[in-house]
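One structure below.
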Amino acid sequence: MRSIDSKTIFMVDYETDSSVVREYMTTIDYQKLLSSERNGSIKIMNLMKIGNVNEKAA
């Protein structure tokens, strides 16, 4: 089974038909965005890996 890192945050700028969007997202959401780019519905213009979100133990 493949493990997906859900704690990394990305800043992504992408272009749709009518606008340019800047969005902060997790790895899972970024994978979905890549799928949309492969389908031709968006174009990723800029990508920056911001880092990992740290969880504090309670």
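The values are calculated or read from the model by the stated rules, or taken from the named source; none is laboratory data. From a predicted model like this one, the values you see are computed outputs, not experimental measurements. Virtual Cβ from ideal backbone geometry, glycine too; neighbours counted across all protein chains shown. Keep in mind that these areas ignore ligands, DNA and RNA; they rest on the heavy atoms of the full protein, side chains included. Shrake-Rupley method; radii C 1.70, N 1.55, O 1.52, S 1.80 Å.
Laid out as a table, the results:
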| read-out | value |
| --- | --- |
| Leading residue by the ranking (modelled with the highest pLDDT) among those in segment 1-21 that are of a type in the set (S, T, N, Q) and open to solvent by 70 Å² or more (accessible area, probe 1.4 Å) | S18 |
| Output for segment 22-40, where each listed residue is in a strand (DSSP E or B) and exposed (fewer than 14 other Cβ atoms within 10 Å of the Cβ) | R22, E23, Y24 |
